[in-house]
Amino acid sequence: MTKYIVVAGGVISGVGKGVTTASLGKILKEYGYRVTAVKIDPYMNYDAGTLRPTEHGEVWVTDDGGEIDQDLGNYERFLDVAISKKNNLTTGQIYKTIIDKERAGGYLGETVQFIPHVPNEIKRRVTEAAEGYDICLIEIGGTIGDFENIAYFFAMKSLERELGKENITYILVTYLPIPSHIEEMKTKPTQQAIRLLSQNGILPDFIVCRAARALDDVRKRKIEVMGNIPLDHIISEPDIDTIYRIPLDLEKEGVGLKVLNKLHLKPRQKPNWKNWEKLVNGITDPKKEVTIGIVGKYLDIGDYTLADSYISINQALLHVGAALGVKVTIFWIDSKEFEQHPEKVKSVGNYDGIIVPGGFGTSGIEGKIAAIKYARENDIPFLGLCYGLQLAIVEFARNVCGITGAHTVEVEEGCSDPVISIQESQRKIVEERKYGGTMRLGAYAAVLKKGSQIAKLYHDTNRDVKDEKRIKELQKQGDQEFRLGKLGHGPVVLERHRHRYEVNPEYIDKIESQGLVFSGHHEREDGTLLMEFIELPKNKFHIGTQAHPEFKSNLEDPAPLFLGFIEAALRK
Ligand code: GLN
């Protein structure tokens, strides 16, 4: 029987409920349990696909093509498992399902009501996502006291009644402020959060206290008495140097065994943190440093939001840094600067490498193309992700192949040489403005060119699959859903996608004749060719991918292209 851990947040949002949940999952996995995690987003959006990244952070993509809140990314990065889109619930999904069912006569004349139909649908989805796992963590987004959370707490309480209290435990993650004028840590907001949670009939079994500093005994005892929580269930989680230290710190407080005990479980194995500790040291005590410029269009947003908009790229670079003992310092470069002041593009040479990340729309595009040109001509390591690959092709077509009218139709619909174009099915979607969930989404298989740089990078990191039977097996594994297409010969790799536009096959021969290699492709069952990777063999590292390999990077298994990129940056 699956056991559940419900994680809710008190006081304020943004205190690290997601990484706390992910860390807890990692700990329980270390004790030998099969763990999964569900994120509840109480907003009305159906999914995160139409949310602006500067509003809500990056849109995370799952193997099965979900466009999800970035917290699912944390779960994958800590748990090293692929998590399905069904592990993300939004109020929009719940209501849509209920209303669709009602319209189809599915309630057989019943009155459809907030209680019980909404909590029932929540429970149905949560238990479905938990199937096949020993422990399922459920993180409830937002902060306790939000109106939009009520149905979810009601559903959890109802699940508790059905399963028995020994099978569900509640963790409240709160924040303890230290007002600067008194320099004293205050427990009152936490006491109030406990009271707010209790209004749902739920008392927390554990409290995780986030704060700038560690909790002292006086404060722990105060929470014990005021909140009626056993002292050893009050866990201190102060700010630290890297989020990857959190599982180690929580274990110092014995969280793993305490939670297992509460769920009437015994450890199945002794945790082994050796490798994790080594990687954390690689982050906190690096021996070398590289500087990476990320060239994007950044409008009116501060550093904090930026880091969140590109969290997976940040994390992928951090993972490589941990493995190599290198501090990767990121500089955000606004590509519009290069449009307004073309001479400034030389600054690209100040970095050990540049990334042109994914993006949408028309602004800052020529600046990005100029940066790619400079990197190519001066052999500065370059990694193009999705839009980054598309623009690298536009750049190469224009400046090396002499196709001066080369462009992507996303920017210039009627351009004379659409080297990046749109397929008929996607054109229709755009015309009809059916934007939600309609891009090329999720994991696609790419067949790599034997002997290419890319094939070597995937081979050296053991990420490629050579055996077709093995791929078919992979495909059947639980939550995964891969679009394999025709596989042919050569090593196969699986990466996640989120885009509409594609390399126009008509230009491939002309571009390849000038030295750029298309080193991986996906072939649809109908024979359509989709280009997935490019490389320029004469450069140290001039590589692009139509995919988002940053979605498949975690601390213990960094993404091959990021690894190769940082290794090249180190050689610069
Ligand atoms: N805008 C491009 C497309 O839709 C690239 C998208 C991306 O970078 N994720 O194809």
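For the stretch 333-381, the candidate set comprises residues that are among the polar types (S, T, N, Q) and surrounded by fewer than 16 Cβ atoms within 10 Å (Cβ to Cβ); within that set, the residue that is nearest to the ligand (Cβ to nearest atom) is Thr362. The set of residues from the stretch 456-471 being touching a helix residue (DSSP H, G or I) at 6+ places or on another chain (Cβ under 8 Å) and either of a type in the set (Asp, Glu) or at pLDDT below 90 (or both) comprises Asp460, Arg463, Asp464, Val465. Going by the conditions given, is Phe541 hydrophobic (A, V, I, L, M, F, W, C), within 15 Å of the ligand (Cβ to nearest atom) and in contact (Cβ under 8 Å) with a residue 60 or more places away in the chain? Considered against the rule, which asks whether it is hydrophobic (A, V, I, L, M, F, W, C), within 15 Å of the ligand (Cβ to nearest atom) and in contact (Cβ under 8 Å) with a residue 60 or more places away in the chain, Phe541 comes out as no. Ile420 meets all of the listed conditions (1) in contact with a strand residue (DSSP E or B) (Cβ under 6 Å, 6 or more places away or on another chain); (2) more than 12 Å from the ligand (Cβ to nearest atom); (3) of a type outside the set (D, E, K, R) but one, namely (2). Does any residue of the stretch 66-80 turn out to be of a type in the set (Val, Ile, Thr), in contact with a strand residue (DSSP E or B) (Cβ under 9 Å, 6 or more places away or on another chain) and on the phi < 0 side of the Ramachandran plot? There is at least one residue in the stretch 66-80 that is of a type in the set (Val, Ile, Thr), in contact with a strand residue (DSSP E or B) (Cβ under 9 Å, 6 or more places away or on another chain) and on the phi < 0 side of the Ramachandran plot. Please indicate, with yes or no, whether at least one residue in the stretch 397-415 is within 16 Å of the ligand (Cβ to nearest atom), of a type in the set (Ser, Thr, Tyr), under 30 Å from Ser553 (Cα atoms) and out of contact with any Cys (no Cβ under 7 Å at 6 or more places or on another chain). Looking through the stretch 397-415, at least one residue is within 16 Å of the ligand (Cβ to nearest atom), of a type in the set (Ser, Thr, Tyr), under 30 Å from Ser553 (Cα atoms) and out of contact with any Cys (no Cβ under 7 Å at 6 or more places or on another chain).
Considering the stretch 472-521, the residues that are of a type in the set (Lys, Arg) and at pLDDT below 90 include one that is nearest to the ligand (Cβ to nearest atom), namely Arg483.
Of the strands (runs of 3 or more DSSP E) lying entirely inside the stretch 154-253, the ones with 2 or more residues being within 30 Å of Gln113 (Cβ to Cβ) are found at 168-175. Among the residues of the stretch 547-566, is any within 15 Å of Ile393 (Cα to Cα), in a strand (DSSP E or B) and within 16 Å of the ligand (Cβ to nearest atom)? The answer is no, given that none of the residues of the stretch 547-566 is within 15 Å of Ile393 (Cα to Cα), in a strand (DSSP E or B) and within 16 Å of the ligand (Cβ to nearest atom). Across the stretch 416-468, the number of residues qualifying as at positive phi and among the polar types (S, T, N, Q) comes to 1.
So, in the stretch 192-209, exactly how many residues are out of contact with any Gly (no Cβ under 6 Å at 6 or more places or on another chain) and under 23 Å from Leu250 (Cβ atoms)? Of the residues in that region, 9 qualify. Of all residues in the stretch 523-562, those being buried (at least 22 other Cβ atoms within 10 Å of the Cβ) and within 23 Å of the chain's Cα centre (by Cα) number 19. Residues of the stretch 56-78 that are closer than 16 Å to Arg34 by Cα and touching a Lys or Arg at 6+ places or on another chain (Cβ under 6 Å): Phe78 alone.
For the stretch 46-66, the set of residues classified as touching a His at 6+ places or on another chain (Cβ under 9 Å) and over 23 Å from Arg483 (Cα atoms) is empty. Only one entry in Val320, Val328, Val394 is within 16 Å of the ligand (Cβ to nearest atom) and surrounded by 24 or more Cβ atoms within 10 Å (Cβ to Cβ), namely Val394.
Residues that are at pLDDT below 95 and small (Gly, Ala, Ser) were ranked within the stretch 130-150; the one that is nearest to Gln192 (Cα to Cα) is Gly145. Selection of first residues in the stretch 413-425 that are within 23 Å of Asn399 (Cα to Cα) and of second residues that are more than 15 Å from the ligand (Cβ to nearest atom), restricted to Cβ pairs under 6 Å at least 6 apart or on distinct chains, gives the following pairs, ordered by first then second residue: Cys415/Gly405; Ser416/Gly405; Asp417/Ile403; Asp417/Gly405; Asp417/Ala406; Val419/Ala397; Val419/Ala406; Val419/Tyr507.
The values are calculated or read from the model by the stated rules, or taken from the named source; none is laboratory data. Computed from a predicted structure; not experimentally measured. Positions of Cβ are backbone-derived with ideal geometry, glycine not excepted, and every protein chain shown enters the neighbour counts.
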